[in-house]
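Have a look at the structure below before the remarks.
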Amino acid sequence: MKLYYMPGACSIGIHVLLEEIGKPYEAQKIDGAKQEQYGAEFVKLNPKSKVPTLQRDDGAVLTEFPAIATWLARKNPDKGLLPTDPDGEAKALEAMDYVVSTMHMQGFSRMFRPANFAPTEADHDAVKARGKEIMEKGLALMHKTLEGKEYIAGKFSVADAALFYVEFCAAARMKMTLPKNVAAHYERMKARPAVKRTLEQEGIAA
Ligand SMILES: N[C@@H](CCC(=O)N[C@@H](CS)C(=O)NCC(=O)O)C(=O)O
């Protein structure tokens with residue numbers, strides 16, 4: 001398998017899952033500063049020009065964080081990355097979907113790419129502020145979800161890998177203060193050997 005990633009981007013969650021699984025894979029850095037995601041070679045692989053992109057051993061290409069994470073979990077049932085009981089599975093998928101489709105796509109996207117939401121530059125500060133509000137609401141909800149728990153669905157799952165990437169982005173990149181239970185989850189994640197290896201491989205270990 002080959003994971004295409006950008007250091008510290010949302011692909012870091014999939015990188016963590018590959019490290020948790022422990023099977024051989026290759027990690028290929030895509031340089032966002034050089035716009036490599038728009039280069040012909042990468043576009044042929046993923047016309048969306050996004051990471052994470054996972055090329056499977058059979059050559060098939062998977063995109064979209066939830067699809068890749070769920071596929072990896074289902075292909076490696078012995079690793080327990082997705083609860084098998086319907087309630088636990090729903091809890092994990094519910095959180096992963098919220099992190100990706102609301103916190104990232106609605107929150108961070110407004111903060112990083114205001115021009116995608118408002119063509120007029122004068123509106124960009126308001127768009128960024130709205131993005132921050134969405135993120136803060138999401139972090140507060142995650143704080144409640146984590147009350148009395150180490151991981152979102154009880155045990156480590158794909159949802160924690162998703163939450164980790166927004167925690168990393170919020171804390172390390174945006175210098176946002178994480179609510180107590182989320183900050184504790186972030187520290188717990190950073191203590192996992194798979195996460196340590198991922199941060200080292202991406203060249204962003206503290
Ligand atoms: N919905 C996608 C979002 C992927 C995404 O937005 N990736 C960002 C990095 S966090 C990216 O590749 N950005 C490059 C670009 O838009 O040019 C997913 O779930 O994988």
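The values are calculated or read from the model by the stated rules, or taken from the named source; none is laboratory data. No experiment lies behind these values; they were computed from the predicted model shown. Quick reminder, even Gly has a Cβ in these numbers, built from the backbone with ideal geometry, and neighbours come from all protein chains shown. What goes into the accessible areas is simple: the full protein's heavy atoms, side chains included, and nothing from ligands, DNA or RNA. Shrake-Rupley method; radii C 1.70, N 1.55, O 1.52, S 1.80 Å.
Just a few scattered comments:
- Remark: region 91-101, residue by residue, has Karplus-estimated 3J(HN,Hα) of 4, 5, 5, 4, 5, 4, 5, 5, 4, 6, 7 Hz, where x stands for each Gly or Pro and the curve is 6.51 cos²θ - 1.76 cosθ + 1.60 at θ = phi - 60°.
- Across region 84-206, the mean sequence separation of Cα contacts (distance under 8 Å, 6 or more residues apart), normalised by length, yields a relative contact order of 25 percent.
- GNM remark for the chain: springs join alpha carbons under 10 Å apart, and the peak mean-square fluctuation among A60, A69, A90 falls on A60.
- Cut-off 20 Å (backbone N to label point 7 Å along Cα→Cβ of I204), residues of region 175-193: 175-179, 182-193
- Contact order relative to length of the chain, as percent, for alpha carbon pairs under 8 angstrom and 6 or more apart: 23
- Within the full protein context, the accessible area of V43 is estimated at about 50 Å² for a probe radius of 1.4 Å.
- Sites A191 and E41, calculated FRET efficiency, Cβ-Cβ separation with R0 30 Å, nearest 0.05: 0.20
- Shape category assigned to the chain from the gyration tensor of Cα positions, a/c cut at 1.5: oblate
- For region 121-206: rounded, prolate or oblate by the Cα gyration tensor [a/c cutoff 1.5]: oblate
- With helices as the sole contributors, the chain gives -14500 deg cm²/dmol at 222 nm; each DSSP H run of n ≥ 4 counts as -39500 (n - 2.57), and the sum is divided by every residue.
- Accessible surface of T145 - all protein chains present, 1.4 Å probe, nearest 10 Å²: 40
- Here the 3J(HN,Hα) profile of region 36-49, calculated from phi with Karplus coefficients 6.51, -1.76 and 1.60 at θ = phi - 60°, is 4, 5, 9, x, 4, 4, 6, 4, 4, 6, 9, x, 7, 6 Hz, Gly and Pro shown as x.
- FRET E, pair K175, H124, Förster distance 22 Å, beta-carbon r, rounded to 0.05: 0.70
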